[in-house]
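Since the structure comes first, as structure tokens, the remarks are kept for the end.
The values are calculated or read from the model by the stated rules, or taken from the named source; none is laboratory data. Note that this is a predicted model, so its numbers are computed, not measured. So basically every Cβ, Gly included, is an ideal-geometry build from the backbone, and we count neighbours across all protein chains shown. What goes into the accessible areas is simple: the full protein's heavy atoms, side chains included, and nothing from ligands, DNA or RNA. Shrake-Rupley method; radii C 1.70, N 1.55, O 1.52, S 1.80 Å.
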Amino acid sequence: MSFHSGNPADKVDWALSRKFEIMKKETFSPHVKRLILVGGGHSHLAVLKRLAMRPVPGLETILVTREVLTPYSGALPACISGVYQHDDMHIDLRPLANFAGARLLQLEVSRIDLSRRLLLLQDRPPLQFDLLSLNIGSRPDATSIPGAEEFATGIKPIDHFLEVWETVRQSAVQRLQSGGNYCIAIVGGGPASVELAFAAQHRITRDARSGSPSSATLKIKLITSDGEILPTHNERVRRFTKAELIHRGIELLNEKTVTGFRRNSVICAGNETFEADTIFYATGASVPTWPADIGLQVDEKGFILVNTCLQSISHAFVFVSGDAATIENHPRPKSGVYAVRQGKPLAENLVRYATGHRLVKYVPQRHALALIYTGDRKAIASRDNLFFHGRWVWQWKNRIDRSFLNKYRELPEPEGSVVLAAGITDRKSEQALRAHAIRCSGCGAKVGGSLLKEVLGNLEITTFPDVVAAVGSIEDAAQILVARDKTLIQSVDYLPAFTNDPWLFARIATLHCLGDIHAMGAEPHSAQAIAGIPFAGDRFMRETLKELMHGCVEILNQEDTALIGGHTLESRQMSFGLSVNGFGRPGTLLSKSGVKAGDILILCKPLGTGTLLAADMRLRAKGSWMAAAFDSMLISNRAAARILLSHHVNACTDVTGFGLAGHLMEMISPTNTQVEISIESLPFLDGALDCLAMGIHSSLQADNRLVEPAIFNTESFLKNPLFKLLFDPQTAGGLLASVPAGNADSCLATLSQTGYPGARKIGNVIATGQKQATI
């Protein structure tokens, strides 16, 4: 019986539709071209958002930036005055880069080789690119004045300025409250200098007001070489600003050419000197000399020359935006307003250049609106001949600033797709599958312990006398007796990538794979690698494999372990693993099952990688959280194992996919041991509790919680956020050891002094030989 109409055209349409659906599910986008963005400035924010909203199949994007938190310069005055907090004026680039599918590398660029199109990076393989975009910002040009680096602070880079500002604010407030005076000198006469003067005065005066004697005075001196303040603005703006400075007691020193800085002194032409406790400068913009050094054509001031497509006039594959660029025949002030406006045309032209289309022209407006904050929740509006001032202008500016910030911070959470035919399963099973459609990577991608135990328990496995511990045992790795005084330890682990940085992923994965050998107190000897490389153009597959293997070998060399072979395969997702050989002496190897009553439980590294990696996939993890998590994962367990051995520990394991509770149950089950955990003593990574509080946890956590019935008093702790950490799967987690009570303090102190600051005593062993193992 036919299930479609007898019309031949209908048959063809149905067949084509069916073929299209199959193709749609089976195709994916291999990388064939690479765009590298250097710098996390305002223009590149727009590029990332454009690539997120309208991806370019086949284009790989890498963002290389010194800082993951990028400041929005327009909100700086409000932060100085205390209206905004530090986080209010920053955009976290990690969620935005993840949203765009871009690889984020937080590091300095060592050199750019334009002839070979190579980005050279310190301590890692270089990156080849097809097109390059520079959004590197500028620095105040006072850096060339003698003494500027030692005795004064520029308003850029903003992150350094904010650190200095906070110290200055505290010192000034303390001085004023103790009855002394404090003086700040600001060199420069543009909007940044004026805003800094107004905002600093407002904040320090407000903070010191409660305990400041009437005789204490805050002095602010504004020093400029120009005859007028705000020389590029109209007369009404200049007249009002000058009157406002005088009204607030801010001293304006015009026509003073600064020739040098000394400690607490600004030296001007004619050897005229102005004393100050702190010196800031917000003078005209400058850029480093390296753009010219690498061959890019620059103007007379060193700014990179670009055409109206924001394309270098000397290298067509290089695009430049923001303060570092000068558009040929269209010079404009170096202002964040122009960098923001360049974002959209830059994004469009990068995509057009990558895909072989004609570029669009961008001609900057001649007059930009300037909103100058006066520190008192009022602002000045200036454009061409227009001038306004008042609270409503500040409210307008505040809306604009917050709208810009939220555009790049409020990102939609990605959704996993589970495709099931209607009626193929019951509603409860379908909901369970959809609840964790986004599957975790790293060790969170393990098959659950309950399933594993069930399958392995039904296998009939050949045994040999020299196999001391094999598949199905509770130990971390297989043990084969190769001589009376020598045991071969073998382990294998394999992880899907939890980051799109092959070099970082391979280093962490390698340490993770060595963990089982370290947990048994053995020394790793050799390893074979298995690498899954996503299908792409030959150049990209070669480079991915190169980065993976460089990262792997770097760690293996540090661990005195030889790479002796391996296997590669094409895969949908990057993955990596090792089969590791190690050696130890019988009788000296650490076991999971040797816990003794009275022992102290010590955990060597903090918990939380599972929930953090899950949050990172959902665009909810801060860049600082992930940086700290990766740093923790990159701590080898090798030294910890040696310290534990020297303190005669009775049992040890590494905490990985089954979580702390699961691995602890493996330790205590063979002897039906009862242990006590102090939940408040659990060490955790920054951001882990925040992620759990948002309801974000690994897709493996539900299976890990199957050991919960073995926990005696769960009802007392279900609402404690630390309770969920017991079941959080760890990637490259720390060692968990049962240490004799008399050795515990010394062991913990040695761990803390030897690279394990997160090590903690988390509980103790109450008794063995009970009716059942209990936490």
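Out of the trypsin sites (Lys or Arg not before Pro) in the range 450-522, which ones are loop residues according to DSSP with at most 16 other C-beta atoms within 10 Å?
Answer by residue number: Arg484.
Which percent, nearest 5, of DSSP beta bridges in the chain are antiparallel?
Numbers: 73 of 119 bridges.
Percentage antiparallel, nearest 5: 60.
Around Phe317, under 10 Å between beta carbons, what's the net of Lys plus Arg minus Asp minus Glu among the other residues?
Values: positive: Arg117; negative: Asp130.
Counting the neighbours of Phe317, the net charge comes to 0.
Calculate what fraction, in whole %, of the accessible area of the range 690-775 sits on carbon and sulfur atoms when a 1.4 Å probe is rolled over the protein chains.
Numbers: 2050 of 3820 Å².
Summing carbon and sulfur atoms, their accessible area is 54 percent of the total for the range 690-775.
Less than 11 Å Cβ to Cβ from Ile304, Lys/Arg counted +1 and Asp/Glu -1: what total charge do the surrounding residues give?
Computed value for this residue: -2.
Order Lys256, Lys378, Lys592 by their accessible area, 1.4 angstrom probe, all chains in place, largest first.
Descending accessible area places them as Lys378, Lys256, Lys592.
Contour minus end-to-end for Glu149 and Val164, with contour as 0.36 nm per residue of separation and end-to-end as the Cα-Cα distance? Could you put the intermediate results ahead of the total?
Values: separation 15, 0.36 × 15 = 5.40 nm, distance 1.30 nm.
Answer, rounded to one decimal: 4.1 nm.
With loop defined by DSSP as not H, G, I, E or B, and exposure as at most 16 other Cβ atoms within 10 Å, which is the longest segment of the chain clear of exposed GluC sites (Glu not before Pro)?
My reading of the result: 461-775 is the longest stretch.
Using only Cα atoms and rounding to the nearest 10 degrees, what angle (0 to 90) does helix 623-633 make with the longest principal axis of the chain?
Its long axis makes an angle of about 40 degrees.
With θ set to phi - 60°, apply the Karplus curve 6.51 cos²θ - 1.76 cosθ + 1.60 along the range 649-655 and write out the HN-Hα couplings as whole Hz, x wherever there is a Gly or Pro.
Karplus-based 3J(HN,Hα) across the range 649-655 equals 5, 8, 7, 7, 8, 9, 8 Hz.
Can you list the residues, at least 5 places off or on another chain, whose amide H is less than 5 Å from the amide H of Gly566, using H built in the peptide plane?
Ala529
Using only the alpha carbons, work out the radius of gyration and Dmax of the chain in angstrom.
31.1, 103
Can you grab the distance from the C-alpha centre of the range 692-745 to the C-alpha centre of the range 519-542, Å, no decimals?
30 Å
If you find the alpha carbon centre of the range 277-313 and of the range 754-775, how far apart are they in angstrom?
Cα centres, the range 277-313 to the range 754-775: 59 Å.
Cα-Cα over 22 Å: which of Lys724/Lys771; Lys546/Lys605; Lys724/Lys761; Lys49/Lys361; Lys407/Lys724; Lys156/Lys344? The partial results should precede the final answer.
On the way: Lys724/Lys771 26 Å; Lys546/Lys605 30 Å; Lys724/Lys761 19 Å; Lys49/Lys361 20 Å; Lys407/Lys724 33 Å; Lys156/Lys344 24 Å.
Table pairs above 22 Å Cα-Cα are Lys724/Lys771; Lys546/Lys605; Lys407/Lys724; Lys156/Lys344.
Using the beta-carbon distance between Glu454 and Arg542 and R0 = 60 Å, what value does 1/(1 + (r/R0)^6) give for FRET efficiency, to the nearest 0.05?
Working from the Cβ atoms, E equals 0.90.
Where does each of Ile313, Ile158 land when they are ordered by accessible area, with a 1.4 Å probe and the largest first?
Descending accessible area places them as Ile313, Ile158.
Based solely on its DSSP helices, what 222 nm [θ] is calculated for the chain when runs of n ≥ 4 H residues each add -39,500 (n - 2.57) and the sum is averaged over all residues, nearest 500 deg cm²/dmol?
So the calculated ellipticity at 222 nm is -10500 deg cm²/dmol.
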